[in-house]
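> The structure under discussion is supplied below as structure tokens; questions concerning it will follow.
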Amino acid sequence: MTIKKIITLRGSLIAAALALLCSTFLALPANAQAFDDCPAGQLCLYSASGGAGTKRTFAVQDNGQRYDASWDNATLSAKNNTTYWACVYVDTDYGGLLQTIKPGNSDEYGNDSRFAGTISSHKLVPSRAHCFTGYERCPDNRVCTFTEPAGRGAMTVHIPATDPATRNYGNAYGAEVAPASVWNRTRRHLCFYPTEKFTGTWSDPATPATKYGAYVVLKGDSTTVPSPFARTFRSHELVNGTSECQ
């Protein structure tokens, strides 16, 4: 074989290899560039898997406690293009099941029936631990009650009124509030009661003869309410000392 023929053969082999390589790149899935349209500093939610479909973008300070009807329960994939952790929830007000997304990562929900088309709220937070609480929504100098543990779920902000009998500040409310957790962001201690009359006791199911009076949350404290008190509060008052609880 002449030198010329060897060079020609080698050139043919190189050309064939390049053609194969190029065909490999051309055969990549259509979603190889998925999520590339998500701007820096944004959380992007998509209505289809792989960063396809309709896109919604949210800045770090734009925490979505609920979406409008056109977007609620529409998310099938997400890209967190921020330096914060993203938390997505299946219920409004940071409630229900949740998923977390690391900074810079994407996530898929289409193959998980718990999250596919069920996401209804989100927030962006400094650390993953913040995804599991929602107390930060409570304004200063207010009592806030939440329908789920750890400050998650629907929040009620209580603006105190004066109880005519005790002259203490407090509120009465119905079962629709159903507190499972509470933050006492006031400068007074907080006494909860099982009736709307700022009175009553609880019984321990394990020992029915054991009675409990007011459930106390000290000033500045937040807590998930344990059994048998959880979801049974119907009134509360703010007092200077816990001995003032009824």
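> Filter segment 82-100 for residues that are over 26 Å from A180 (Cβ atoms) and buried (at least 18 other Cβ atoms within 10 Å of the Cβ) and give the result. Quick ask: steps written out before the conclusion?
Residues of segment 82-100 over 26 Å from A180 (Cβ atoms): 82-84.
If the condition is that a residue be over 26 Å from A180 (Cβ atoms) and buried (at least 18 other Cβ atoms within 10 Å of the Cβ), then T82, Y84 are the ones that fit.
> If you take the residues of segment 108-145 that are touching a residue at least 40 places away in the same chain (Cβ under 8 Å) and small (G, A, S), which of them is farthest from L238 (Cα to Cα)?
Within segment 108-145, the match that is farthest from L238 (Cα to Cα) is G110.
> Within segment 119-144, how many residues are among the small types (G, A, S) and over 16 Å from T75 (Cβ atoms)?
Total meeting the criteria: 3.
> Does any residue of segment 231-238 turn out to be of a type in the set (D, E, K, R), closer than 20 Å to T156 by Cα and in contact with a His (Cβ under 6 Å, 6 or more places away or on another chain)?
Within segment 231-238, the subset of a type in the set (D, E, K, R) is 231, 234, 237.
Imposing the further condition that a residue be closer than 20 Å to T156 by Cα reduces the set to 231, 234, 237.
Going one step further and asking which of them are in contact with a His (Cβ under 6 Å, 6 or more places away or on another chain), we end up with none.
No, there is no match, as no residue in segment 231-238 is of a type in the set (D, E, K, R), closer than 20 Å to T156 by Cα and in contact with a His (Cβ under 6 Å, 6 or more places away or on another chain).
> Tell me whether segment 181-188 contains one or more residues that are touching a residue at least 60 places away in the same chain (Cβ under 8 Å), in the same structural domain as A230 (by TED's automatic domain parsing) and closer than 13 Å to T232 by Cα. Talk me through it step by step, then tell me what you get.
The first filter runs over segment 181-188 and keeps only residues touching a residue at least 60 places away in the same chain (Cβ under 8 Å), leaving none.
Looking for residues that are touching a residue at least 60 places away in the same chain (Cβ under 8 Å), in the same structural domain as A230 (by TED's automatic domain parsing) and closer than 13 Å to T232 by Cα, one finds none in segment 181-188, hence no.
> Only one of S235, S203 is surrounded by fewer than 18 Cβ atoms within 10 Å (Cβ to Cβ) and assigned by TED's automatic domain parsing to the domain that holds G153; which? Step through it out loud before you land on a result.
Numbers: S235 fails: surrounded by fewer than 18 Cβ atoms within 10 Å (Cβ to Cβ).
The match here is S203.
> Checking the structure you have, find out if any residue of segment 61-76 is assigned to a helix (DSSP H, G or I) and basic (K, R). Give the steps one after another, and end with the answer.
Step one: of segment 61-76, the residues assigned to a helix (DSSP H, G or I) are none.
Looking through segment 61-76, none of the residues is assigned to a helix (DSSP H, G or I) and basic (K, R).
> Please verify whether segment 160-180 includes one or more residues that are at pLDDT 95 or above, among the small types (G, A, S), in contact with a strand residue (DSSP E or B) (Cβ under 7 Å, 6 or more places away or on another chain) and within 27 Å of A78 (Cβ to Cβ).
no
> Looking at segment 44-81 only, could you name the residues that are hydroxyl-bearing (S, T, Y), in contact with a Leu (Cβ under 7 Å, 6 or more places away or on another chain) and surrounded by 21 or more Cβ atoms within 10 Å (Cβ to Cβ)?
If the condition is that a residue be hydroxyl-bearing (S, T, Y), in contact with a Leu (Cβ under 7 Å, 6 or more places away or on another chain) and surrounded by 21 or more Cβ atoms within 10 Å (Cβ to Cβ), then Y46, T75 are the ones that fit.
> I would also like to ask the following. Within segment 93-127, count every residue that is over 16 Å from C44 (Cα atoms) and charged (D, E, K, R).
3
The values are calculated or read from the model by the stated rules, or taken from the named source; none is laboratory data. Keep in mind it's a predicted model, so treat the numbers as computed, not measured. Heads up, the Cβs are rebuilt from the backbone with ideal geometry, glycines too, and the neighbour counts pull from every protein chain shown.
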